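Structure record follows, encoded as structure tokens.
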Amino acid sequence: MEDWLTKALDKAAAKGLEEGMEKGMKAGMDKGMAGRLVRNVDSLMKNEGYSMERACRSLDSTVEEYEEAKKILSGVAFAV
């Protein structure tokens, strides 16, 4: 294979790997943050008797964000 072609393929592969790692790290962070939100809201509802709305508000979040977090954790939504 031509040297220039090998270099070009190596560069493209390295870029693809880097982009894939960045997307994977972001997805992992999103899933971790979603898990924390869901656990905290669920805990407030269970242990303190809060409504979902009050629990979300107490955590400076919204019901919509809580529901989206649950979707992320169930695999329905995958934010990348």
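The values are calculated or read from the model by the stated rules, or taken from the named source; none is laboratory data. This structure is a prediction, so every number in the text was calculated from the model and none was measured. Every residue, glycine among them, receives a Cβ derived from its backbone with ideal geometry; neighbour counts consider all protein chains shown. Heads up: the accessible areas ignore ligands, DNA and RNA and are worked out on the full protein's heavy atoms, side chains in. Shrake-Rupley method; radii C 1.70, N 1.55, O 1.52, S 1.80 Å.
Tabulated data for the structure shown
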{"read-out": "For the chain, calculated [θ]222 nm from helices alone, where every DSSP H run of n ≥ 4 adds -39500 (n - 2.57)", "value": "-28500 deg cm²/dmol"}
{"read-out": "Cα-based helix-to-principal-axis angle, 3-48 vs the chain, degrees rounded to 10", "value": "10"}
{"read-out": "Protection proxy ranking of 14-23, 56-65, 32-41 - average other beta-carbon atoms within 10 Å, highest first", "value": "32-41, 56-65, 14-23"}
{"read-out": "Environment charge of Met29, counting only residues whose C-beta is closer than 13 Å and scoring Lys/Arg +1, Asp/Glu -1", "value": "+2"}
{"read-out": "Cα-based Lys pair tally, the chain, threshold under 27 Å, eight or more apart or on separate chains", "value": "17"}
{"read-out": "Average accessible area per residue (Å²) across the chain - probe 1.4 Å, nucleic acids and ligands excluded", "value": "77"}
{"read-out": "Dipole of the chain, positive end: most advanced residue of Gly20, Met52, Ser74 [Cβ charges, Cα centre]", "value": "Met52"}
{"read-out": "Cα-centre dipole for the chain with unit charges at Cβ (Lys and Arg positive, Asp and Glu negative), debye to 20", "value": "260"}
{"read-out": "Apportionment of accessible area to carbon and sulfur, the chain, percent (1.4 Å)", "value": "56"}
{"read-out": "The chain - Debye-derived log10 I(q)/I(0), Cα point model, q = 0.20, 0.22, 0.26 Å⁻¹", "value": "-0.84, -0.93, -1.11"}
